[in-house]
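Following: one structure in structure tokens, then a few remarks.
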Amino acid sequence: MTDEQNSLLRASNINSMDAFEFHHPLNPNSEIYLRFLGRAVGLKRIGVTIARVPSGKESFIFHAHQNEEEWVYILSGRGIAEIGDKEYEVEPGDFMGFGLPQQPHHLRNPFDEDLVYLMGGEAGRLDIGVFPRLGKRVIRDGESAYIFDESALQLFWSSKQSAEG
């Protein structure tokens with residue numbers, strides 16, 4: 001599939017890759033098809049993926065990461081990007097970057113053609129995802145993820161307490 005000791009992934013191979021169909025378990029309108037480019041060339045700490053969202057569907061869910069930066073570059077089609085409390089129509093050539101601290105964000109495709117984009121970001125062992133509209137968080141620890149209601153959070157320790165005490 002790749003050349004030059006697995007560092008080069010040719011366009012013909014990318015186009016023939018089977019896409020992984022994903023539906024976010026907390027969003028019934030989520031439908032996205034993913035081709036994992038970074039994994040194909042052996043990247044472990046950076047994810048790079050081509051994503052396709054069909055007409056009338058959404059990518060994942062309105063979310064923010066607490067430990068990992070991410071970005072999106074629109075290749076074809078149009079979409080609506082929700083970033084914080086604003087919405088923007090996005091089109092080919094538009095770029096979005098989500099540094100830390102991160103604003104919640106989401107992509108949906110209310111238009112007639114597929115929305116295709118390149119996305120990437122850090123792929124650390126531990127991340128916390130926040131779903132502000134649902135009052136939930138997810139902790140990803142390696143290959144496992146755990147979800148809980150924010151109302152269940154109990155303060156265990158804070159740097160403010162240690163500075164005072």
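Of all residues in region 113-140, those that are open to solvent by less than 80 Å² (accessible area, probe 1.4 Å) and not in a loop (DSSP other than H, G, I, E, B) total 17. Answer yes if at least one residue in region 34-49 is in contact (Cβ under 8 Å) with a residue 12 or more places away in the chain and under 19 Å from residue 131 (Cβ atoms), and no otherwise. Taking every residue of region 34-49 in turn, none turns out to be in contact (Cβ under 8 Å) with a residue 12 or more places away in the chain and under 19 Å from residue 131 (Cβ atoms).
The values are calculated or read from the model by the stated rules, or taken from the named source; none is laboratory data. Everything numeric here is computed off the predicted structure, so don't read it as measured data. Backbone-built Cβ (ideal geometry, glycine too); neighbour counts: all protein chains shown. Calculation scope for accessible area: heavy atoms of the full protein, side chains included, ligands and nucleic acids excluded. Shrake-Rupley method; radii C 1.70, N 1.55, O 1.52, S 1.80 Å.
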